[in-house]
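For reference, the structure discussed in these notes is given below.
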There are 4 protein chains.
Amino acid sequence: MPTDFRHLSEQLPDWVQACRAYAADGRVATYIPELAHAPQQALGIALHHKSGLTASAGDCGMPFTLQSISKVFTLLLALIDRGEQAVFEKVGMEPTGDVFNSMLKLELVQPGKPFNPLINAGAIVISSLIRGDTPEQKSGRILSFIRELAGDDRPSFNESVYRSEAATANRNRSLAYFLKDNKVLDEDVEPTLDVYFKQCAIEVTCAHIARMGLVLANDGVDPSTGRELLPKRYVRIAKSFMVTCGMYNASGEFAIQVGIPAKSGVAGGILAVVPGELGIGIIGPALNDKGNSTAGVHLLKRLSEQYDWSMF
Amino acid sequence: MPTDFRHLSEQLPDWVQACRAYAADGRVATYIPELAHAPQQALGIALHHKSGLTASAGDCGMPFTLQSISKVFTLLLALIDRGEQAVFEKVGMEPTGDVFNSMLKLELVQPGKPFNPLINAGAIVISSLIRGDTPEQKSGRILSFIRELAGDDRPSFNESVYRSEAATANRNRSLAYFLKDNKVLDEDVEPTLDVYFKQCAIEVTCAHIARMGLVLANDGVDPSTGRELLPKRYVRIAKSFMVTCGMYNASGEFAIQVGIPAKSGVAGGILAVVPGELGIGIIGPALNDKGNSTAGVHLLKRLSEQYDWSMF
Amino acid sequence: MPTDFRHLSEQLPDWVQACRAYAADGRVATYIPELAHAPQQALGIALHHKSGLTASAGDCGMPFTLQSISKVFTLLLALIDRGEQAVFEKVGMEPTGDVFNSMLKLELVQPGKPFNPLINAGAIVISSLIRGDTPEQKSGRILSFIRELAGDDRPSFNESVYRSEAATANRNRSLAYFLKDNKVLDEDVEPTLDVYFKQCAIEVTCAHIARMGLVLANDGVDPSTGRELLPKRYVRIAKSFMVTCGMYNASGEFAIQVGIPAKSGVAGGILAVVPGELGIGIIGPALNDKGNSTAGVHLLKRLSEQYDWSMF
Amino acid sequence: MPTDFRHLSEQLPDWVQACRAYAADGRVATYIPELAHAPQQALGIALHHKSGLTASAGDCGMPFTLQSISKVFTLLLALIDRGEQAVFEKVGMEPTGDVFNSMLKLELVQPGKPFNPLINAGAIVISSLIRGDTPEQKSGRILSFIRELAGDDRPSFNESVYRSEAATANRNRSLAYFLKDNKVLDEDVEPTLDVYFKQCAIEVTCAHIARMGLVLANDGVDPSTGRELLPKRYVRIAKSFMVTCGMYNASGEFAIQVGIPAKSGVAGGILAVVPGELGIGIIGPALNDKGNSTAGVHLLKRLSEQYDWSMF
């Protein structure tokens, strides 16, 4: 049953208003100081349909940084740059059940490589695989890739978020040096982290995320031009990871309650994909205890139930 | 693209023959002594299509015990018996990244309840939730449930496998007493384990599994009679778990390489579901190092690639 | 500097009175229901000097069960029964840093044997090594051993504590089945646990503990008769374990703050040894967050500082 | 029974010769490239008696770097610089049961501070507590402290070992950034590590270690001058840690088999103390699987048995 997009467009403001109440239960992330300024009550959404129709509601114009949402796209770019075999020599394919910045399995499970590319340890290794002679070249290529998928040149690095993260990200440094010691990370730590921090600090709006999600929903093909932007095989890999690992250690619950590929970030963004139909971008800075936008997850649950989006 | 079932039927014997070679790399499970007698080289498959068509090849007549495949069905029965809320008060919804019989997260992650119903700890709790005044009643209800979904009265308890497992399952006893101590398991340990061991020892053939899978593929409705055997909501839950946790700690890789809901058992069986189309039953006793039928997984990968079955 | 025992005898009542105040910060153990009845404010001590002099103060007549203090003596009896090699094939010699009933290292550190004989897992294995055709014989031999070292026939099994523990000790059952599965425990689980629960439920007073401690302080020789009750080598092993592992995961702090071999139990008892001089028995049911008698530890710290008892 | 030093001096060469054979079972450390050049078969020992007598045998003139032996002395200097309370706000007092460079407990056990000052995580924090305006000042003070205790100005930084360690110590960087993130390490990571790497790279001979050990054996007093070099209370703390944590995760076994305070280093050195009598320095680069000099441990075991050195 394809989503009745006209109905959705009409109802969207009411649903956003209703779900905004959940933001009161969440907390804006503070571990990157710059993120702590985000408005607790904000909630915005944009949806891009394969047909070209779009809808949006709430604080959808509010800019926010990709943070962990970027991990989906650096994975895709690394697959394009290095191929499947080289990527999966360095990171695994399994959910961990642990928090996103955990080091436990790196020490406990041989051969000490990250379990998947969507936890911090894995994403850091992925950043090291992006082609480029310098960190700047790598970051530039990531930004161009994001802009192409977003269909817009406005996504840019938020310098103050980047500097804030770079100045405080000691846990990520710890992960990176551990990976270096395990010989999983071949590149130098600080240049790799520079690429990682910058990809996290790319600033977008919901509409950008929705457009990027639509490319994934459409198996890598730009629906307006018909051009293949991403190999279908890699899009499939990305969507698989989004289902099994995309919502941190609440991915299993999200698969049951919502049932679509999604990836959240600590700034409160969510990228979601209704395969064959829709890309969705959400911003809601107040996070639940698993690190996902609390109002955003409720909004997706409501939409998924209403339009029967679950893949399962 | 619906599967070309005629083409599949014709090719199936060749594919089985080709994949049988992988069995040489695997090992038949020995931790339940009775299972150690299974033929290393066996490989069989049965497929039931929604249209009523069926196909099979290889050692598809070979009987085998459900083992962990039973966990999908006791979860469904517990959901029917107790409802969603009562079940998920006792078990979580998340993959673990650990081996199937691990105790780590029970000690490390509060509140000490099993992460999901498809690991041993979770399945033992689920067994305790099946309605019935005695272990025999509970086991009887599980067997009836399996027979109904299989559309056949022949599935029965394999007494020697049951006794072999009951006599040697000290790790499961350890898990159960831990759960009892954590007050997650309310029932007595040995009667609960009796139910658990018996469900694992239900003997079937590939055709039974295929028929049970077809009911799941058809959202709980018997395709021949149109009767609802299972609530659609619970089938969705089951399929979600099969994707995120069904193939032990190789579930993430299976999602990428095959991309359909599946559950394996230590006897070498695999239940797989092509939503809207097909139920699949496989037997291949030689297991890979993650505990899944090595030839069986290769066969499913080949079929999925050929017919583009991946949900992702 | 040998302890000035006359001075100590005179000051003891004041010190007990002063340390009793610390009991208010602790909590009486409740995990064995029978233990929950113990008086929170109680504090008693008895000291036996090699010269034959004794001193006592406070609630020193209050009976209490040995609980984990018994682990020192079953270790000694197992060494006598089986020899050093056989014992250390089954248990290690290392402190764990984990809580007393942890299972983590049994799963994480190969070959899955308990790290030392003073954690629950190790003590259960030790109980299985005591010679005897039946659990009753083994328990009888342990009781006789305790009585001999205590120089008194009054220590006996407290039946209600034994039954209370046997009825509720699911975590210990979990440990025992895990050890059985790891093939570290060779005997059957329930008979072994019966021996273990009974040794924990031996009821004594501070004077008994002091007398048993004096035998250890005197390298195994009964100071009144000159008879060797324990081989000196095994007493050394016991005292080593008491220093490195005797006070649960506060053993390191106790070594620094008090500096003498000691072993605590969850009923609030402490056995302490001033080598070459004294045996000490303490009862103080209110426990600190590491499971040691809070007032008892303070009293030992004060005495050790006053009389310079630290071995270090 | 005071050690018969004359007898010991005469027998020492034979014992060294006998124990040298054990070196064949061990492996020279390679994780710091410069250490890999050490001779596998070397074994040397020096003993300094309180009376002024000394003895030595084997390769006792061979220079080696302190490595983890330095942790005992930076702990002492930090205690002198900051006092007991400030030091133990930052590090705990408990053995871990884990390997020396483990991160597990930093993540698993709140509040995320190192369990003790003799594991790498703890020693890095201790290095940050040494007074000094610059890393050079801190390192200089550590070196002066070592020279004073060694009674010799020859101990110096081995620049190539220092550079080799600084270039490869990614696991230590990972630990340090983790501690920084946990707010246990207040100073910057690289300057702190610079101090840590330098203290590890102080080059000594067995005689230096023996002299330093003698000061500990003599409760902090220089036996030749009678001057107090170290407060007795801090020496007691150091000796306690040496017993419970000094020989990595073989400390419990060493307490039983040898029974004296000791600390080993990855270059193959061992510092050992016979309280009230002797300081001992050993070098034997081939390590056992716990990271201790294999021939060195055997030699200490033999000496301890012969002269009944065990404290227990």
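Yes or no: the range C:141-155 includes at least one residue that is touching a Leu at 6+ places or on another chain (Cβ under 6 Å) and in a loop (DSSP other than H, G, I, E, B). Scanning the range C:141-155 turns up no residue that is touching a Leu at 6+ places or on another chain (Cβ under 6 Å) and in a loop (DSSP other than H, G, I, E, B). The residue of the range D:1-49 that is most open to solvent (accessible area, probe 1.4 Å), among those that are among the aliphatic types (A, V, I, L, M) and in a loop (DSSP other than H, G, I, E, B), is D:M1. Against the numbered list (1) over 21 Å from A:P95 (Cα atoms); (2) in contact (Cβ under 8 Å) with a residue 24 or more places away in the chain; (3) outside any loop (DSSP other than H, G, I, E, B), B:E305 comes up short only at (2).
Can you tell me which of C:A36, C:A57, C:A29, C:A24 is within 17 Å of C:G268 (Cα to Cα), touching a Pro at 6+ places or on another chain (Cβ under 7 Å) and in the same structural domain as C:L271 (by TED's automatic domain parsing)?
Numbers: C:A36 fails: touching a Pro at 6+ places or on another chain (Cβ under 7 Å); C:A29 fails: touching a Pro at 6+ places or on another chain (Cβ under 7 Å); C:A24 fails: touching a Pro at 6+ places or on another chain (Cβ under 7 Å).
Residue meeting the stated conditions: C:A57.
Being of a type in the set (A, V, I, L, M, F, W, C), touching a His at 6+ places or on another chain (Cβ under 9 Å) and either under 16 Å from A:Y234 (Cα atoms) or crowded, with 21+ Cβ neighbours inside 10 Å (or both), is that true of even one residue in the range A:77-96? Don't jump to the end; show me each part of the working.
Just the residues of the range A:77-96 that are of a type in the set (A, V, I, L, M, F, W, C), to begin with: A:77-80, A:86-88, A:91, A:93.
Remaining after also requiring touching a His at 6+ places or on another chain (Cβ under 9 Å): none.
No, there is no match, as no residue in the range A:77-96 is of a type in the set (A, V, I, L, M, F, W, C), touching a His at 6+ places or on another chain (Cβ under 9 Å) and either under 16 Å from A:Y234 (Cα atoms) or crowded, with 21+ Cβ neighbours inside 10 Å (or both).
Checking the structure you have, find out if any residue of the range C:198-205 is touching a residue at least 24 places away in the same chain (Cβ under 8 Å) and over 17 Å from the mean Cα position of the chain (by Cα). The answer is no, given that none of the residues of the range C:198-205 is touching a residue at least 24 places away in the same chain (Cβ under 8 Å) and over 17 Å from the mean Cα position of the chain (by Cα). In this entry, B:R173 is excluded by the filter for residues that are in a helix (DSSP H, G or I), surrounded by 22 or more Cβ atoms within 10 Å (Cβ to Cβ), in contact with a strand residue (DSSP E or B) (Cβ under 8 Å, 6 or more places away or on another chain) and of a type in the set (K, R). Quick check on B:E165: is it buried (at least 24 other Cβ atoms within 10 Å of the Cβ), more than 12 Å from chain C (Cβ to nearest Cβ) and in a helix (DSSP H, G or I)? For B:E165, the condition - buried (at least 24 other Cβ atoms within 10 Å of the Cβ), more than 12 Å from chain C (Cβ to nearest Cβ) and in a helix (DSSP H, G or I) - is met.
Give the residue that is nearest to B:G151 (Cα to Cα), with candidates limited to residues of the range B:188-210 that are touching a Gly at 6+ places or on another chain (Cβ under 7 Å) and in a helix (DSSP H, G or I). Walk me through how you get there before you give the answer.
Quick first cut of the range B:188-210, residues touching a Gly at 6+ places or on another chain (Cβ under 7 Å) only: B:205-210.
If we keep only those that are in a helix (DSSP H, G or I) as well, we get B:206-210.
Details: B:C206: 13, B:A207: 10, B:H208: 8, B:I209: 10, B:A210: 10 Å.
Here the residue is B:H208.
Residues checked against (1) open to solvent by 30 Å² or more (accessible area, probe 1.4 Å); (2) among the polar types (S, T, N, Q); (3) within 14 Å of chain B (Cβ to nearest Cβ); (4) within 11 Å of A:T74 (Cα to Cα):
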residue: A:F100; (1), (2), (3), (4): yes, no, yes, no
residue: A:L104; (1), (2), (3), (4): no, no, yes, no
residue: A:K113; (1), (2), (3), (4): yes, no, yes, no
residue: A:P117; (1), (2), (3), (4): no, no, yes, yes
residue: A:N120; (1), (2), (3), (4): no, yes, no, no
residue: A:A123; (1), (2), (3), (4): no, no, no, yes
residue: A:S127; (1), (2), (3), (4): no, yes, no, yes
residue: A:T134; (1), (2), (3), (4): yes, yes, no, no
residue: A:Q137; (1), (2), (3), (4): yes, yes, no, no
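This table checks each residue for (1) within 29 Å of B:G151 (Cβ to Cβ); (2) among the hydroxyl-bearing types (S, T, Y); (3) not in a helix (DSSP H, G or I).
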{"site": "B:G52", "(1), (2), (3)": "yes, no, yes"}
{"site": "B:G92", "(1), (2), (3)": "no, no, yes"}
{"site": "B:V99", "(1), (2), (3)": "no, no, yes"}
{"site": "B:K105", "(1), (2), (3)": "no, no, no"}
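Taking the conditions (1) closer than 22 Å to C:H298 by Cβ; (2) open to solvent by 30 Å² or more (accessible area, probe 1.4 Å); (3) of a type in the set (V, I, T) in turn, C:V243 satisfies each one other than (2). When D:S156 is tested against the conditions (1) crowded, with 24+ Cβ neighbours inside 10 Å; (2) closer than 29 Å to D:G58 by Cα, the lone failure is (1). Screening A:A267, A:A238 for residues that are in a helix (DSSP H, G or I) and in contact with a helix residue (DSSP H, G or I) (Cβ under 6 Å, 6 or more places away or on another chain) leaves exactly one candidate, A:A238. Out of C:I256, C:I280, one residue alone is within 25 Å of C:G92 (Cβ to Cβ), β-branched (V, I, T), in contact with a helix residue (DSSP H, G or I) (Cβ under 7 Å, 6 or more places away or on another chain) and open to solvent by less than 10 Å² (accessible area, probe 1.4 Å). It is C:I256. For B:G58, the conditions (1) touching a residue at least 60 places away in the same chain (Cβ under 8 Å); (2) buried (at least 24 other Cβ atoms within 10 Å of the Cβ) all hold with the exception of (1).
In the condition set (1) surrounded by fewer than 24 Cβ atoms within 10 Å (Cβ to Cβ); (2) in contact (Cβ under 8 Å) with a residue 12 or more places away in the chain; (3) within 13 Å of another protein chain (Cβ to nearest Cβ); (4) closer than 27 Å to C:S164 by Cβ, C:N288 is compliant with all but (3). Screening D:A250 against (1) more than 12 Å from the chain's Cα centre (by Cα); (2) in a loop (DSSP other than H, G, I, E, B); (3) under 30 Å from D:A21 (Cβ atoms) leaves a single unmet condition, (2).
For the residues B:L230, B:L216, B:L185, the requirement of being open to solvent by less than 10 Å² (accessible area, probe 1.4 Å), away from chain C (no Cβ under 14 Å) and not in a helix (DSSP H, G or I) singles out B:L230.
The residue pairs whose first member lies in the range B:158-179 and is touching a residue at least 40 places away in the same chain (Cβ under 8 Å), whose second member is of a type in the set (D, E), and whose beta carbons are closer than 7 Å, counting only pairs six or more residues apart or on different chains, are B:N158/B:E203; B:S160/B:E34; B:V161/B:E34; B:S164/B:E34; B:R171/C:D181; B:S174/C:D181. Checked against the criterion of being within 14 Å of chain D (Cβ to nearest Cβ), modelled with pLDDT of 95 or more and within 18 Å of the chain's Cα centre (by Cα), the range C:57-75 has at least one qualifying residue. All conditions but one from (1) open to solvent by 20 Å² or more (accessible area, probe 1.4 Å); (2) in contact with a Gly (Cβ under 8 Å, 6 or more places away or on another chain) apply to B:G52; the one that does not is (2). Just one residue in the set D:I209, D:I202 is under 24 Å from D:L129 (Cα atoms), away from chain C (no Cβ under 14 Å), in contact with a Pro (Cβ under 9 Å, 6 or more places away or on another chain) and of a type outside the set (K, R); that residue is D:I202.
Within the span defined as the range A:88-97, every residue fails to be more than 14 Å from chain B (Cβ to nearest Cβ), in contact with a Phe, Trp or Tyr (Cβ under 9 Å, 6 or more places away or on another chain) and not hydroxyl-bearing (S, T, Y).
Answer yes or no: is there a residue in the range C:171-182 that is more than 9 Å from every other protein chain (Cβ to nearest Cβ) and over 19 Å from the mean Cα position of the chain (by Cα). The answer is no; no qualifying residue exists.
Looking only at the range D:271-294, which residues are outside any loop (DSSP other than H, G, I, E, B), out of contact with any Asp or Glu (no Cβ under 9 Å at 6 or more places or on another chain) and not polar (S, T, N, Q)?
Step one: filter the range D:271-294 for residues outside any loop (DSSP other than H, G, I, E, B), giving D:271-274, D:278-283, D:286-287, D:293-294.
So of that shortlist, the ones also out of contact with any Asp or Glu (no Cβ under 9 Å at 6 or more places or on another chain) come out as D:271-274, D:278-282, D:287, D:293.
Across the range D:271-294, the qualifying residues are D:L271, D:A272, D:V273, D:V274, D:L278, D:G279, D:I280, D:G281, D:I282, D:L287.
The values are calculated or read from the model by the stated rules, or taken from the named source; none is laboratory data. What you see is a predicted model; the values in this text were computed from it and never measured. Counting neighbours? That spans all protein chains shown, and the Cβs are built from the backbone with ideal geometry, glycine included. In case anyone asks, the SASA skips ligands and DNA or RNA and just uses the protein heavy atoms, side chains included. Shrake-Rupley method; radii C 1.70, N 1.55, O 1.52, S 1.80 Å.
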